[in-house]
Amino acid sequence: MKKGLFLAAFLGLFPPFQSAMAHDVVMHLYVVADEIEGEVGYAGGDMVPYARVDILDEDMNRIGAVATDDKGQFTFKPTKCITHTFRANLGAGHVIAKEVIKDDLPTSLAGCHAN
């Protein structure tokens with residue numbers, strides 16, 4: 001019992017051991033037709049079902065949110081020609097944020113890619 005408590009205290013005091021135990025989070029984003037499709041998972045290949053993904057504007061204000069489905073995938077239809085940041089916080093320090101810049105948004109979006 002004492003050895004287990006000592007080990008837990010030892011690992012808790014040294015951050016390198018904590019980060020070694022954490023999973024790397026991955027997010028992939030794709031512009032398909034007039035939507036942004038994405039998926040959230042861990043580096044080992046496990047996808048994250050039913051995770052909330054916040055959508056942020058260029059000033060990091062929350063402009064929406066979506067949830068991943070049972071396969072860790074989501075879709076979002078942009079309505080503004082701005083850079084969108086997608087951020088997922090899976091808890092226990094597992095956070096990832098990726099962006100789709102406005103130049104990569106669908107050409108069908110009003111006001112985008114005007115010459």
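Quick notes on this one:
- Scan of the stretch 72-102 for residues that are surrounded by fewer than 15 Cβ atoms within 10 Å (Cβ to Cβ) and β-branched (Val, Ile, Thr), ordered by number: Thr75, Thr79, Val95, Ile101
- Looking across the stretch 61-71, the residues that are surrounded by 11 or more Cβ atoms within 10 Å (Cβ to Cβ), in a loop (DSSP other than H, G, I, E, B) and not polar (S, T, N, Q) come down to Asp69, Lys71.
- Test: Ala88 is over 30 Å from His113 (Cβ atoms) and either out of contact with any Asp or Glu (no Cβ under 6 Å at 6 or more places or on another chain) or modelled with pLDDT under 95 (or both): no
- Within the stretch 93-115, the set of residues being within 22 Å of Gly41 (Cβ to Cβ) and either modelled with pLDDT under 90 or in a strand (DSSP E or B) (or both) comprises Gly93, Val95, Ile96, Ala97, Lys98, Glu99, Val100.
- Flag if Met27 is surrounded by fewer than 17 Cβ atoms within 10 Å (Cβ to Cβ) and not charged (D, E, K, R): no
The values are calculated or read from the model by the stated rules, or taken from the named source; none is laboratory data. Every value quoted in this text rests on a predicted model; they were computed, and no experiment measured them. Please note: Cβ atoms are built from the backbone with ideal geometry, for glycine as well, and neighbour counts cover all protein chains shown.
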